[in-house]
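Below is one structure, written out as structure tokens, with a few remarks after it.
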Amino acid sequence: MKIALYSNDIALILRWENSLNKYETQIIEDYEDLCTLKDSVLILSDCVNLENSDFVISILLKNSNKILVLKRVPEFENARKWLEKGIHGYGNCLMTSSYLNSAVEAILNNHIWLIPQITTQFLKNMIEKKDNKVDEKELFKNLTKTEKRIATLLKNGYTNTNISQELNVSINTVKTHIKHIYEKLNVKDRLSFAGLFSR
């Protein structure tokens, strides 16, 4: 898949292009090119004023595109609005090169990608809205003692950094445990993990 870039800020486009130098990128210059884009990951600046954004997003999705929306100051409600339209990722338009590449990689692998602060807020909201109490003991029965502790912290909205500090272990150790937790619980990311508690 190609990576398509669409923003009314040329400095942003150049920044994204430099960050994504291992991918073939294409700059979308106008509305018509946007509506005919196919089989690409579109990185879209939230500052672009899309006329009838619902319609444009539906066309992009019908044309087998995946969409990453980036905003200068990401906000939870704005992320929720875009996700409801069917986009695949949401983050900060000035995020580091490693974050941007991570976002594109996740989206190419059919995952939803969100910046950590937004993911944490989604987790908290999903867990707060739960209707039925999930039997945590039963759910976590195949996890090791450490994995159970980390899973509980994840459920409570802790970030990887928070977990690392709480347990006094490295970030890489936390990531390894989380990977094993996801495999054992048959989930692929934090949102699907949180979904286990909002049934």
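The values are calculated or read from the model by the stated rules, or taken from the named source; none is laboratory data. In this text, all values refer to a predicted model and were calculated from it rather than measured experimentally. Cβ coordinates were reconstructed from backbone atoms using ideal geometry, including for glycine residues, and neighbour counts include every protein chain displayed. The protein model used for the area step is the full one, side chains on, heavy atoms only, and it has no ligands, DNA or RNA in it. Shrake-Rupley method; radii C 1.70, N 1.55, O 1.52, S 1.80 Å.
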| Odd one out for Gln165 among (1) closer than 23 Å to His111 by Cα; (2) free of Cβ contacts under 8 Å to residues at least 24 places away in the same chain; (3) open to solvent by 50 Å² or more (accessible area, probe 1.4 Å) | (1)
| Residue check, Val41 against (1) touching a residue at least 60 places away in the same chain (Cβ under 8 Å); (2) within 14 Å of Leu68 (Cα to Cα); (3) in a helix (DSSP H, G or I); (4) not hydroxyl-bearing (Ser, Thr, Tyr), all met but one. Which one? | (3)
| task | Return the residue satisfying two criteria in turn: it lies in the stretch 2-42 and is farther than 18 Å from Ile57 by Cβ and small (Gly, Ala, Ser), and of such residues it is farthest from the chain's Cα centre (by Cα). | result | Ala11
| request: Would you mention how many residues in the stretch 1-32 are surrounded by 10 or more Cβ atoms within 10 Å (Cβ to Cβ), among the hydrophobic types (A, V, I, L, M, F, W, C), assigned to a helix (DSSP H, G or I) and free of Cβ contacts under 8 Å to residues at least 40 places away in the same chain? | output: 2
| message | Considering only the stretch 50-62, I want to know if a residue exists there that is under 30 Å from Phe193 (Cα atoms), modelled with pLDDT under 90 and open to solvent by 40 Å² or more (accessible area, probe 1.4 Å). | response | yes
| field | Subset tally (residues that are in a loop (DSSP other than H, G, I, E, B), of a type outside the set (D, E, K, R), within 21 Å of Leu114 (Cβ to Cβ) and more than 13 Å from the chain's Cα centre (by Cα)) for the stretch 46-81 | value | 5
| remark: Screening Lys179, Lys137 for residues that are part of a helix (DSSP H, G or I), over 29 Å from Val69 (Cβ atoms), of a type in the set (Lys, Arg) and open to solvent by 80 Å² or more (accessible area, probe 1.4 Å) leaves only Lys137
| field | Asn78 being without any contact (Cβ under 8 Å) to a residue 40 or more places away in the chain, more than 21 Å from Asn21 (Cα to Cα) and surrounded by 15 or more Cβ atoms within 10 Å (Cβ to Cβ) | value | yes
| said: Return the residues of the stretch 182-192 that are surrounded by fewer than 14 Cβ atoms within 10 Å (Cβ to Cβ) and assigned to a helix (DSSP H, G or I); say none if nothing qualifies. | reply: Glu183
| field | Boolean, Leu100 is of a type in the set (A, V, I, L, M), touching a residue at least 60 places away in the same chain (Cβ under 8 Å) and outside any loop (DSSP other than H, G, I, E, B) | value | yes
| request: Give the residue, chosen from Arg72, Arg149, that is open to solvent by 80 Å² or more (accessible area, probe 1.4 Å) and touching a residue at least 24 places away in the same chain (Cβ under 8 Å). | output: Arg72
| request: Taking only the stretch 92-112 into account, find how many residues are open to solvent by 30 Å² or more (accessible area, probe 1.4 Å) and not polar (S, T, N, Q). | output: 6
| message | Name the residue that is nearest to the chain's Cα centre (by Cα), counting only residues in the stretch 89-119 that are among the hydroxyl-bearing types (Ser, Thr, Tyr) and under 20 Å from Leu12 (Cα atoms). | response | Tyr90
